[in-house]
Each structure stands twice: as structure tokens, then as C-alpha cells.
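Student: Can you keep this structure in mind? I'll have questions shortly.
The values are calculated or read from the model by the stated rules, or taken from the named source; none is laboratory data. These figures come from a predicted structure and were not determined experimentally. Cβ coordinates were reconstructed from backbone atoms using ideal geometry, including for glycine residues, and neighbour counts include every protein chain displayed.
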């Protein structure tokens, strides 16, 4: 039995305000259930609703999501799953859309889908029983997961013929890509905790990525402030110890499923003295449908925090981080 947790009223109010645009998911046992694709998809597209998904899990005495579990063990926080999927997957990596249970298995680069009404359906997912009656196996880069669920619900295809449906000719599929690096930007003579050497090195952990996980897709950029002992040691999230200001300048154009082109740009700054925590991100696309084209570029910046306005020191800029597919 999960321990009772206090829910912040602010998070609950956000969820209530957003509730009018999509049906609220429910918790049945240890599974978060969306009534159907139409109920699921709006949550994938609006990051401001994810706190509301967390409240569904917190209020349930039986459901524990990955995000909820990781919040109590931040030092072991999983970095493989996109943030949205952490909010809906339980600790067995399972959730439900309409009449179908879904397991996202990143270790084996696949998703498993089975009708919830099938005998031992949940156990078949937990035990990776690929030969179970009605089990459908999708590659992790599959672009048409939601279309498959819609086709199954409308009887346009069946579990026995799902591969034929997925292999049908459709518009092109953009490739998964990631560009990331830790760039060293500052070295000091500070003592290094737990080490006899003197000196700390600071890095900016920069990333741009197109995430593809069958039922969720996103373009995301992120900068994180890190530190390590200059003469040895692994990188660690700096948190509030190293007071930094962060910045990102980004440009993107993309097409969702060969649709109309969308162009966006963003210039963000987050200062330590304004409440920043050394992490800054921009997610220009988030949704349950994949992209056919994208061109995504970001330059990051970081500096030691200062409240010496109006003439603060300049940012240390990163190189250009760019990923492209389809163009």
C-alpha cells in the first residue's frame, strides 16, 4: 500500500483548469488508464498538464508511476524515458489507452500491446510473453502507434494483421537523433569535497534530441550545470552550489506527418537570483504523432550568477547543436 501523500493545491488547480480540454485519466489498480486516443493525445501536447497527471498517481493508493518513484530517489533518476512517459508509466513500465495495455521496454527497444480483456494480459506484459495470444510487438522507433490503436478500435485491423497495417505506405518518417556534449567552461581553486586535491571544474551539459517512443515524440533541448574535481572524479549536477545563470537561443522548423511546416524560435534566460536551479530547457514539439521533417538548432550559454546590473559579465557560449532529418 502506497503511503498517503499531501497534494499541493496549486498542482491540483492546474489540472482542474486543464481538465476541460481532455478527459481525465483514471487509476485502476496499478495502471493509469486513458479512455482512448482522443483522451490521451492532448496530454502529450501540453507540458503544463503533466503535473495534473502526477496528481492522479499521488491520489491513488495503488498506482505508483515512474515519475512518482523517481521523485523519492532523485540521485538514481532515470534518464532514458522521456519526461512525459515517466508520468504515465507504472513501475512495470505499463499504462493503458482505450482497451489496450501497453508496455514500453527501452532495454529491448520495443513496445508490447495487448487487449486488456485478454486472459492474463497484464502478466503477459510483465513476463515479456511475446507468444501470448493477441500480443503485438512494435519497434521502439515505430511512428504509427496511435494510428494502430485507432485502427484496432474501429476494426480496420486486428491483432493478427497488425504488421500489415504498420507496413502500409505512408509519409516519410524522421529519424531519431541526439547531439550532446559536456563542455568545460570554468575552473576554480575551490577545495574539492572528499578529495585532497584543490580545484573544481565546471561544465555545461548540453543536449538537443528528437525522441521517438512509439506513442510519444518530442524535440527537446536542455542545458544543465555540472561540476567535478579538477584532478579526477565524475560529473555531478551542480545544483545550487555553483550559482549560475543559463541561456539558450534556439530555432526550429518541422512538419508533423508531412503536414504544414511550423517555424519557431526561442531565447530563454534563467538566473540563479531569479530562482533558477542550473537547468534550462526548451521543448518546441511534444505529441503523440511523429514528425516527418525537422531542423533543430540551439546555442547554449552559461556564466557565474550575478546581480550586478545593468552590466553583468558576458555568457560563455557553447558550440552550435543541430539535428536535421528530412530537409
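Student: Looking for whichever is out of contact with any strand residue (DSSP E or B) (no Cβ under 7 Å at 6 or more places or on another chain), in the same structural domain as residue 284 (by TED's automatic domain parsing) and surrounded by 20 or more Cβ atoms within 10 Å (Cβ to Cβ) here; the options are 216, 210, 202. Which one fits?
Tutor: 216
Student: Checking residue 113 against (1) more than 21 Å from residue 162 (Cβ to Cβ); (2) at pLDDT 95 or above: exactly one of these is not met. Which one?
Tutor: Residue 113 satisfies every listed condition except (1).
Student: Is it true that residue 202 is in contact (Cβ under 8 Å) with a residue 24 or more places away in the chain, more than 23 Å from residue 40 (Cα to Cα) and not in a loop (DSSP other than H, G, I, E, B)?
Tutor: Values: in contact (Cβ under 8 Å) with a residue 24 or more places away in the chain: yes; more than 23 Å from residue 40 (Cα to Cα): yes; not in a loop (DSSP other than H, G, I, E, B): yes.
Criteria met by residue 202.
Student: Let me ask something else. Just for the stretch 309-321: of the residues that are surrounded by fewer than 15 Cβ atoms within 10 Å (Cβ to Cβ) and at pLDDT 95 or above, which one is nearest to residue 256 (Cα to Cα)?
Tutor: Ranking the qualifying residues of the stretch 309-321, first place goes to 320.
Yes/no per residue for (1) assigned to a loop (DSSP other than H, G, I, E, B); (2) in the same structural domain as residue 292 (by TED's automatic domain parsing); (3) in contact with a helix residue (DSSP H, G or I) (Cβ under 7 Å, 6 or more places away or on another chain); (4) surrounded by fewer than 19 Cβ atoms within 10 Å (Cβ to Cβ):
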{"residue": "103", "(1), (2), (3), (4)": "no, no, yes, no"}
{"residue": "107", "(1), (2), (3), (4)": "yes, no, no, yes"}
{"residue": "128", "(1), (2), (3), (4)": "yes, no, no, yes"}
{"residue": "132", "(1), (2), (3), (4)": "yes, no, yes, yes"}
{"residue": "137", "(1), (2), (3), (4)": "no, no, no, yes"}
{"residue": "143", "(1), (2), (3), (4)": "yes, no, no, no"}
{"residue": "149", "(1), (2), (3), (4)": "no, no, yes, no"}
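Student: So, one more: Looking at (1) modelled with pLDDT under 95; (2) outside any loop (DSSP other than H, G, I, E, B); (3) surrounded by 14 or more Cβ atoms within 10 Å (Cβ to Cβ), which is the one condition that is false for residue 23?
Tutor: (2)
Student: On to the next question. Checking residue 161 against (1) without any contact (Cβ under 8 Å) to a residue 60 or more places away in the chain; (2) part of a loop (DSSP other than H, G, I, E, B), only one condition comes out false. Which one?
Tutor: Against the list (1) without any contact (Cβ under 8 Å) to a residue 60 or more places away in the chain; (2) part of a loop (DSSP other than H, G, I, E, B), residue 161 comes up short only on (2).
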